[in-house]
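Quick notes on the structure that follows.
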Amino acid sequence: MIELHTFPTPNSFKVSIALEEMELPYEIHSVNIARGEQFEPKFLAISPNNRIPAIVDRDPIGGGEAISLFESGAILQYLAEKSGRFVPGDLRGRLACTEWLFWQMAGLGPMVGQAGHFRNYAPEKIEYGITRYTNEAARLYGVMDKRLADHEFLADEYSIADMACWPWIDYHDHHGQKLEDFPNVGRWHTAIDERPGTQRGKVAGAELAAGMSQGLDEEAKRILFGHGKK
Ligand SMILES: N[C@@H](CCC(=O)N[C@@H](CS)C(=O)NCC(=O)O)C(=O)O
């Protein structure tokens, strides 16, 4: 059984979507990042960067002691290896999958995350930050749109690279982007949204944020944006 240490956010949905698609049994372990549980020693022991998602596989590849992993990209690669699914089998396809997975981890995720922050959460409206990151989000959406103009999915067949990108693109409003401006991304977003694995994975753990439907409260903002400590 795989433990998914999570709170409902785009980085965690990558992993719950993958687990659902791969039909790997898992159980949800709540880490309420809006209340500082990411700083508890038992969580830091498996995720020293105090970020969700993390997993513990109590029945790992090759047997032996449980394996814990943090960083959603590393988790996706491990789950693909465990299930033998969602990474193309040929060299070129596999490398394309790696390229777009790393592009998400190093580019799309962090940059649109900043766009979302300056647009929606920063206590002051800082025009420079809003413009800088909204423009960078638009550039990245454009890069993806170009790729998807002649590829059904990022690595041709549906893969962990798509699973990494989809939950972020699903929050396009938050980044100040309209999918009508990126028709290939829009087509790709709809196709993936219609998959039963996406439907199940995108709500996994949603109940953990019950009561936060109005967005982040002041305590959550202090914990998440107030330089770390509780
Ligand atoms: N690169 C990491 C990023 C994870 C990340 O930023 N997680 C956020 C939620 S989406 C988090 O745990 N934040 C808690 C905090 O900032 O203290 C990954 O992809 O796993």
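The values are calculated or read from the model by the stated rules, or taken from the named source; none is laboratory data. The structure presented is a predicted model; accordingly, all values stated were derived computationally and were not measured. No Cβ is skipped: glycine too gets one built from the backbone with ideal geometry, and neighbour counts run over all protein chains shown.
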Can you name the residue in the stretch 83-123 that is more than 15 Å from the chain's Cα centre (by Cα) and small (Gly, Ala, Ser) and, of all such residues, is farthest from Phe153 (Cα to Cα)?
Ala122
Members of the stretch 72-93 found to be touching a Pro at 6+ places or on another chain (Cβ under 9 Å) and under 17 Å from Cys165 (Cβ atoms), listed by number
Ser72, Ile75
With the condition kept exactly as written, say whether any residue in the stretch 179-191 is surrounded by fewer than 17 Cβ atoms within 10 Å (Cβ to Cβ), assigned to a loop (DSSP other than H, G, I, E, B) and not assigned by TED's automatic domain parsing to the domain that holds Glu20.
no
Among the residues in the stretch 40-54, are any surrounded by fewer than 16 Cβ atoms within 10 Å (Cβ to Cβ), among the polar types (S, T, N, Q) and within 12 Å of the ligand (Cβ to nearest atom)?
yes
I'd like to check which helices (runs of 4 or more DSSP H) are fully inside the stretch 59-163 and have at least 2 residues that are away from the ligand (no atom under 16 Å from the Cβ).
72-83, 91-103, 127-149
So Ile28 clears everything in (1) within 11 Å of the ligand (Cβ to nearest atom); (2) within 24 Å of Leu216 (Cβ to Cβ); (3) of a type in the set (A, V, I, L, M, F, W, C) except one condition, right? Which one?
(1)
Here the residues within the stretch 58-99 that are in contact with a strand residue (DSSP E or B) (Cβ under 6 Å, 6 or more places away or on another chain) and in contact (Cβ under 8 Å) with a residue 24 or more places away in the chain are Phe70, Ile75, Pro88, Gly93, Ala96, Cys97
Could you check the stretch 197-213 and list, in sequence order, the residues that are surrounded by fewer than 17 Cβ atoms within 10 Å (Cβ to Cβ) and either free of Cβ contacts under 8 Å to residues at least 60 places away in the same chain or part of a loop (DSSP other than H, G, I, E, B) (or both)?
Gln199, Val203, Glu207, Ala210, Gly211, Met212, Ser213
Just to confirm my filter: which strands (runs of 3 or more DSSP E) fall fully inside the stretch 1-57 and include at least 1 residues that are of a type in the set (Phe, Trp, Tyr)?
26-30
Taking the stretch 173-195 on its own, how many of its residues are closer than 22 Å to Leu76 by Cα, free of Cβ contacts under 8 Å to residues at least 60 places away in the same chain and out of contact with any Ser or Thr (no Cβ under 6 Å at 6 or more places or on another chain)?
7
